[in-house]
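Every read-out reported here was derived from the displayed coordinates using simple, explicitly stated rules and does not represent laboratory data. As the structure is a computational prediction, the values presented were derived from the model and not from experiment. Positions of Cβ are generated from backbone atoms using ideal geometry, with glycine treated the same way; all protein chains shown enter the neighbour counts.
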Amino acid sequence: FLGAGKPPMYGDYEAQRHWQEVTYNLPIRQWYFNTSDNNLLYWGLDYPPLTAYHSFVCAYIAKLINPDWIALHTSRGYESQPHKLFMRTTVFVADLLVYIPAVILYCFSLKETSTKKKASICALCILLYPGLILIDHGHFQYPLSLGFALWGVLYLSYDWDLWGSVAFCLALNYKQMELYHSLPFFCYLLGKCFKKGLRGKGLALLTKIAGTVVVSFAVCWLPFCTDMEQIMQVLRRLFPIDRGLFEACMFSSPHPADKVANIWCSLSVLIKIKNIVSPQTQLKLSFAVTFLSLLPTCIKLTVQPSLRGFKFALVSCALSFFLFSFQVHEKSILLVSVPVCLILNEIPFMATWFLLVSTFSMLPLLLKDGLLLAYAVTTLAFLSACVASFSILEKTSAEDLQLKPFSLSLKGYVSWFKSFPKIVRSLFLLSVTLMGVLSVMSAAVHPPQRLPDLFPVSVSLISCLHFVLFLVYFNVVILWDSKNSRSQKKIS
């Protein structure tokens, strides 16, 4: 794991272990506060209450096995093979209980996967997505927030709106980054209420959903509701806006892994935004651009709510957040990738392409973690599975890419749509080749002394360019989607 055996912080593995130490040994009122027993500068809790409760459960089991693993103060930096096995097992169990069942049930619920064989193939490809495997099991993260969000999508696909609301509230209360998905959930459910009529069934549904959300949050936050200071302290830990726009993506950082493939970090190569714009202005600028970039999608989803539109909106809105929002971490691309997995069966070519780029965008972090071999093997396995299962290189027509309505609107103006499949295939092969070459060079070639961050910066810039083009593509698909009108009848 990254940081193993390297004091004083030891890495993300130690962060998860330390949270177990804190939650087990300290009273709840001290979990988010800086005290003599809880130094917030040393991996202080900065995720919502559900993460803390999960850490407590893991700590309770750890205590039964070996109390030294979570002993207050003395367990800092603890590393042993039995403990690593235990920590890896906790991630695997989280996969088995939450994430994997959601993926399998989702694939079997799709109308497009009419046979068990097709559903199994779709599930296999999603579960082989290398980005999530490498981050969860290599970089050490838990998949629970993404798993809960998937359960939310699954419940909504069956029109179980209240259960879907509960599942997404759990996701949001596990990791605040699930805000990336919050607007599509909100707009889709609000649109359904509008369609049912706000003077009848729609108002009743809206009231039930609102009540469900309030109760779900109240249950999660109940131990912290003893006084307002507790609540405000948790919120300050969850949203540390004082750190600035570039807290997670400094191109001037000495750590190559800190290069994030979003707009602000890419622009900072040419324009030192940090030096010419105040932190408060950075926050306002980030909010404004993010809001404007996702506004068309949210309006379309509210006015024309459909399950298909909802899934595409999850991708588009999450990508807008990743590209334009505040304090983005390179791992945040997973919040875009998992929704892309949900449409892998609908647009296998573009989805596969995006998922390859998303994994590539984390290459500096993966190299820092010593995951080069795992990166190469899982990426090739995923690409092979998608090529074999979906014949992606044969599905590049405007119709296959869901661009038929857009192409018809440009009929007579754009003649190159006839050669569109060949152009798209050529760009894909060029992109894959470029990613392959840069991956090899990043791992095997020493950069010039004058440009020590040449390869990480190149990876981030190229990935960012891809993501901007993907954002344009997904917005075109959503805004020109003619299938929504047919889907509305089912909702009504």
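Here are some notes:
- On the beta carbon distance between residue 116 and residue 162, with R0 = 30 Å, the FRET formula returns roughly 0.55.
- Per residue of the chain, the DSSP helices (runs of n ≥ 4 H) give a summed -39500 (n - 2.57) that works out to -20000 deg cm²/dmol at 222 nm.
- Of the DSSP H helices in the chain, those whose Cα atoms cover at least 18 Å axially and whose Kyte score averages -1.0 or more: 49-65, 81-94, 144-157, 179-196, 202-221, 279-303, 307-324, 348-361, 372-390, 420-444, 454-479
- Where a label projected 7 Å from the Cα of residue 419 along Cα→Cβ would reach, residues of the range 373-411 with amide N under 12 Å: none
- Inter-part distance, the range 354-394 to the range 446-476, computed on C-alpha centroids, equals 16 Å.
- With both labels modelled 7 Å from their Cα along Cα-to-Cβ, the residue 105 to residue 88 distance reads 2.9 nm.
- Prolate/oblate/rounded call for the range 266-414, Cα gyration tensor, a/c under 1.5 rounded: oblate
- Separation in nanometres of the label points that stand 7 Å from Cα toward Cβ, at residue 74 and residue 480: 6.7 nm
- Taking the Cα centre of the range 240-481 as reference, the dipole from Cβ charges on Lys and Arg (+1) and Asp and Glu (-1) amounts to some 400 debye.
- Packing, taken as the mean count of other beta carbons within 10 Å per residue, orders the peptides 147-155, 304-312 from highest to lowest as 147-155, 304-312.
- Separation of the residue 288 and residue 381 label points, Cα + 7 Å toward Cβ, nm: 4.7 nm
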